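Every read-out reported here was derived from the displayed coordinates using simple, explicitly stated rules and does not represent laboratory data. None of these values were measured; they are calculated from a predicted model. Backbone-built Cβ (ideal geometry, glycine too); neighbour counts: all protein chains shown.
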Amino acid sequence: MRRISGLYTPYYYELGIDLREQLDIVDVGDIFVIPANIDKAFDQITKGIEYIRGNGVFPVILGGDHSIGFPTARGVMNAFGKKIGVIHFDRHIDTQAKDLDERMHTTPWYWAAHERHFDMGNLVQIGIGGWQVPRPGVAEGRKQGSTVITVEDMERLGIDKVADIALEVAWGNGAEGVFLSFDIDSIDPGFAPATGWPEPGGLYPREALRLVRRFASEGLLGMEVVEVSPPFDVADITSLLGVRLICDVLAAQVEAGKMGRTRSGEPQTERAREAWEAGAGSPGSAAIDRD
Ligand SMILES: [Mn+2]
């Protein structure tokens with residue numbers, strides 16, 4: 001994704017937004033982890049994300065398998081200090097406690113729900129379905145009250161209705177910010193083959209793009225794109241889509257006035273302005289400013 005992002009220009013035609021005019025964007029590199037020690041790896045990720053979000057910067061995390069959803073969401077929560085919701089795109093449910101007795105990529109929301117500022121009542125999971133949804137995760141999600149929207153639900157209800165429902169769940173229950181976790185396997189493998197656990201029958205790219213733009217227009221605390229596995233890719237189509245999802249989220253937030261500069265170069269939102277005047281963060285930093 002890093003490499004292929006060079007193919008994009010900063011200008012997005014439909015919204016008429018140039019990200020380079022609006023935002024300061026920096027690649028801060030890889031967070032150093034110790035893969036053989038999952039607790040230490042998770043702690044490293046949380047510390048990194050907490051630092052970035054804590055400085056008023058919108059973190060974009062490129063996974064990595066989905067086990068990182070727990071430490072990234074934890075980092076966002078630690079910095080934000082208030083209740084959050086999570087919008088989760090996936091074909092798999094990712095709410096079980098353990099997999100092969102480890103906290104693998106099937107478990108992030110189970111562990112995130114043990115944190116003070118999140119519970120599954122604010123978890124909406126879009127695209128779940130098919131033949132690879134572990135039953136322990138289904139049981140746990142039902143017990144803890146997550147909301148699952150299948151591909152078939154979306155066909156029946158339409159994209160905009162699904163977006164309404166998802167926003168209501170994520171922002172309900174006193175949540176004051178929302179984190180977006182995008183597993184690339186939520187997209188049909190015909191369009192995103194480079195992933196470790198492909199499941200036919202997923203979302204179309206344009207459906208997902210429209211949904212993430214809608215979610216972004218309400219403001220987000222951060223986002224991750226996970227489970228992209230370049231060795232399995234064909235002509236970089238999966239990486240290209242991963243980058244496109246990120247760019248669309250940034251542009252939609254700028255368009256909605258949730259981040260970025262005004263035409264005179266000043267921060268758009270009250271919180272970003274305060275941070276800017278206090279010398280913390282840049283004019284392009286994200287700030288949640290939802291009515
Ligand atoms: Mn996943």
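What number comes out for the charge environment of F70, summing +1 per Lys or Arg and -1 per Asp or Glu over other residues with Cβ under 12 Å away? Local net charge: -4.
Cross-link check: pairs K47/K161; K83/K258; K98/K258 evaluated at a Cα-Cα cut-off of 30 Å; pairs beyond the cut-off: K47/K161; K98/K258. Provide, in order from the shortest bin, the percent of all Cα-Cα pairs of region 1-88 in each 5 Å bin, continuing until the bin that contains the maximum pair distance. Computed distribution, short to long bins: 3, 12, 20, 20, 17, 15, 9, 3, 1, 0. Run the paramagnetic zone check for I25: 7 angstrom along Cα to Cβ, then residues of region 63-97 with backbone nitrogen under 18 Å. Counting backbone N atoms under 18 Å from the label point, the list is 63.
Secondary-structure-derived ellipticity at 222 nm for the chain, considering helices only, amounts to -11000 deg cm²/dmol, per-run term -39500 (n - 2.57) for DSSP H runs with n ≥ 4. Close amide H partners of I149, meaning residues 5 or more places away or on another chain with modelled amide H under 5 Å apart, are Q125, I126, G127, I128.
Helix 159-171 versus the longest principal axis of the chain: what angle, 0 to 90°, nearest 10, using Cα atoms? That works out to roughly 80 degrees. Taking 0.36 nm per residue of separation and subtracting the Cα-Cα distance, full extension of the segment from F191 to R116 would add 23.3 nm. Model label points for T262 and M104, set 7 angstrom from Cα along the Cα-to-Cβ axis, are 5.3 nm apart. 3J(HN,Hα) along region 32-37: 6, 10, 10, x, 7, 10 Hz, from the Karplus curve 6.51 cos²θ - 1.76 cosθ + 1.60 with θ = phi - 60°, whole Hz, x for Gly and Pro. Angle of helix 205-217 to the longest C-alpha principal axis of the chain, folded into 0 to 90 degrees and rounded to 10: 50°. Close amide H partners of F179, meaning residues 5 or more places away or on another chain with modelled amide H under 5 Å apart, are G85, V86, I87, L221.
Dividing the mean sequence gap of close Cα pairs (under 8 Å, 6+ apart) by how many residues the chain holds gives a relative contact order of 21 percent. Normalised by 2.2 N^0.38 Å, where N counts its residues, the alpha-carbon radius of gyration of the chain equals 0.93.
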